[in-house]
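Since the structure comes first, as structure tokens, the remarks are kept for the end.
What follows draws every value from the coordinates through simple rules; no lab data is involved. Since the model is a prediction, treat every value here as computed from it, not as a measurement. As a convention, Cβ positions derive from the backbone with ideal geometry for all residues, glycine included, and neighbour counts pool all protein chains shown.
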Amino acid sequence: MTNHTKAEIILQVNDVQLSYDRPVLRDINFCIKNIIRPGFQQGQVVTLIGRSGIGKTQLFKILSGLQKPTSGQVTIHNNQPVKAGDMGVIFQNYYLFEWRTVHQSLLLAARKNKSLAGQEKQSIDQLAEQFNLTGHLNLYPQQLSGGQRQRVSIMQQLLKGSDFILLDEPFSGLDVCMLDKAVELLLQVSLSDELKTLIIVSHDIETSVAISDTVFILGNEEGKAGATIKKEIDLIERDLAWQKHIQKERRFMETIEEIKTCL
Amino acid sequence: MLLWHTLSDGLIPKPGKVAEAFVHLLGTKLLLDNVLVSLLLTLKAMLFSILITLVFAYLSVIPFFKSLAQFIVKCRYLTLTGLIFIFTLLTKDGSQLKLSLLVFGIVPFFVTSFLSVIVTINPQEYDLCKTLGYNNWQTLYEVIIIGKADQVFEILRQNFAISWLMITMVEGLSMSEGGIGTLLIKYNKYNDLTNVLALQLVIFVIGLCFDYLLGALRHWLFPYSKLKTAKAS
């Protein structure tokens, strides 16, 4: 097992319930701890897996503060209840303001980050170079490819400076080549800061598990209405985290089978 | 055209005759003066209408103004003819009467179009604002004011036709200042059908020119609108 320690709790979900005319989510309890890995600025990558229509998007919205649960709460840093704007959110289709150029969109986000005050433009240029988008700063979202939009969305949230970035189905609709690039990009982000935490909500089990350190499985239990966290899998303990080409390993495939059975 | 030419008898002028009158009309100062009067009045009415529309549309996110905006939408079915006397009492002179009637006639159509734009806003636009830490006013500014500016322009373009249609009717009420409506009524009065049709052609061509001009101006001011149109087609 890779040398690491789990320190303070950075996100806590307590007894979250969500009901409309019927229960959608119930008894959602989990926490994310700061992982310390000697020699690395290792952030956290957590995946929430569940079948389509199980309530992943609702949980995603609750975690991001965009939706209030019926009861329970999500807290971050020093027990502060999460509110919209605390977390960076990357929507499934990488939504960007269509009336803003890439540069304008990034500037809007950078201006919300107090630590970048006065250095917004330099930060954008720096990040654009890192994300290979320097030549695209004056384009509108409609002129970008899916992969470029994804990178701009990630850049926007990075510039906003939130420690948490929530990603809704980041791999859906990407071709094989783009998928590899997206994975590489997310790993790069997770290594950019010790407290950087990516929470991926996905039904693409293989890809999301391959880049995660922890997996939470959202599913229904027999005789109980509403989805809950059925299982937590610590991939570091199983020596499946932070390894390239892990998808080819037999134990990885066994874990995938285990997850599938649980769904 | 062929059908028109064939079916024209003594009462309906032949296309060639109308074309001749059209060319003649284009060269007269009479037409230029009257077109300028009408255009000025239309543009003035459009400006007031868009300002009133924007106030009601932006405020329609507040429940009280929402119902007020919805009432304005229903006012599309009110006919101006029955209200002329009331407007005459409320206004000082013919110029104000025409302007207020035009604004009253245009605003419900503008509000209808703009509310439909607001209703169809993608919820992700609001969500993105929230995730970027915007408050409600910043969200309103970014999503509705800045984000929909190109669509306001498009509404302006689409509804120019309504204003242009109403101008001839309104100008017939107060003829002292002239205008194409007044000119049209004069030609009608003397059964000068050739000039009536020639003037209709002028009104039609000016309408088309404005439609094109506003469309081009929209693409120039908001380059992304061109991309949206291209994507949609």
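Data overview
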| item | result |
| --- | --- |
| Under 19 Å from B:Lys14, Cα to Cα: aspartates and glutamates that are on another chain or at least 8 residues apart | B:Asp192 |
| Inter-chain Cβ neighbour average for residues B:132-143, partner chain, 10 Å | 3 |
| Region B:85-147-region A:77-127 distance, computed between alpha-carbon centres (Å) | 29 Å |
| Surrounding net charge for B:Ser174, when Lys and Arg each add one and Asp and Glu each subtract one, Cβ distance under 11 Å | -2 |
| Range of Cα positions in chain A per principal axis (Å), largest first | 54, 43, 35 |
| Shielding of A:123-133 by partner chains, average beta-carbon count, 10 Å | 0 |
| Among A:Val189, A:Phe216, A:Gln156 - extreme Cα towards positive end, dipole of region A:137-263, charges at beta-carbon | A:Gln156 |
| Protection proxy ranking of A:92-100, A:205-213, B:71-79 - average other beta-carbon atoms within 10 Å, highest first | A:205-213, A:92-100, B:71-79 |
| Axial C-alpha extent at least 27 Å, average Kyte-Doolittle at least 0.5 - helices from chain B (DSSP) | B:29-59, B:94-119, B:149-171, B:193-221 |
| Inter-site label distance for A:Ser115 and A:Leu195 at 7 Å from Cα along Cβ, in nm | 0.7 nm |
| Potential lengthening between A:Cys262 and A:Lys230 on full extension [0.36 nm per residue; Cα-Cα distance subtracted] | 10.8 nm |
| Qualifying chymotrypsin sites (Phe, Trp or Tyr not before Pro) for region B:165-210 [loop in DSSP, other Cβ within 10 Å: at most 11] | B:Tyr190 |
| Qualifying aspartates and glutamates (Cα of each under 12 Å from Cα of A:Lys114; at least 8 residues distant if same chain) | none |
| Only Lys, Arg (+1) and Asp, Glu (-1) charged, at Cβ; region A:1-89 dipole about Cα centre in debye | 180 debye |
| Spin-label model distance (nm) - B:Lys44 vs B:Leu217, 7 Å beyond Cα toward Cβ | 1.7 nm |
| Net charge, A:Val176 excluded, C-beta distance under 14 Å - Lys, Arg +1, Asp, Glu -1 | -4 |
| Pairs of Lys in region A:133-263 closer than 27 Å at Cα, counting only those 8 or more apart or on different chains | 17 |
| For A:Thr2, B:Thr6, order by how many other beta-carbon atoms lie within 10 Å, fewest first | B:Thr6, A:Thr2 |
| Exposure proxy ranking, count of Cβ atoms within 10 Å, fewest first, for B:Trp164, B:Trp4, B:Trp137 | B:Trp137, B:Trp4, B:Trp164 |
| Region B:31-222: relative contact order as a whole-number percent, Cα under 8 Å and 6+ apart | 28 percent |
| Check: the protein assembly as shown dipole with +1 on Lys, Arg Cβ and -1 on Asp, Glu Cβ, in debye | 1060 debye |
| Estimated inter-spin distance, B:Gln158 and A:Glu129, nm [label 7 Å along Cα→Cβ] | 4.7 nm |
| Mean separation of Cα contacts under 8 Å (6+ apart) over length of region B:45-101, as relative contact order % | 26 percent |
| Linear extension gain, A:Arg250 paired with A:Lys33, 0.36 nm per residue minus alpha-carbon span | 75.3 nm |
| Spatially proximal aspartates and glutamates relative to B:Lys130 (Cα-Cα < 12 Å; intrachain offsets below 8 disregarded) | A:Asp86, B:Glu142 |
| Most to least packed among A:232-242, B:24-34 [average Cβ atoms within 10 Å] | A:232-242, B:24-34 |
| Listed residues A:Ile76, A:Ile10, A:Leu66: farthest to the positive end of the dipole of region A:1-77 (Cβ charges) | A:Leu66 |
| Those residues of region A:189-230 whose amide nitrogen sits under 19 Å from the label point placed on A:Asn14, 7 Å along Cα→Cβ | A:229 |
| Taking region A:96-161 and dividing mean pair separation by its residue count, relative contact order in percent (alpha carbons under 8 Å, at least six apart) | 51 percent |
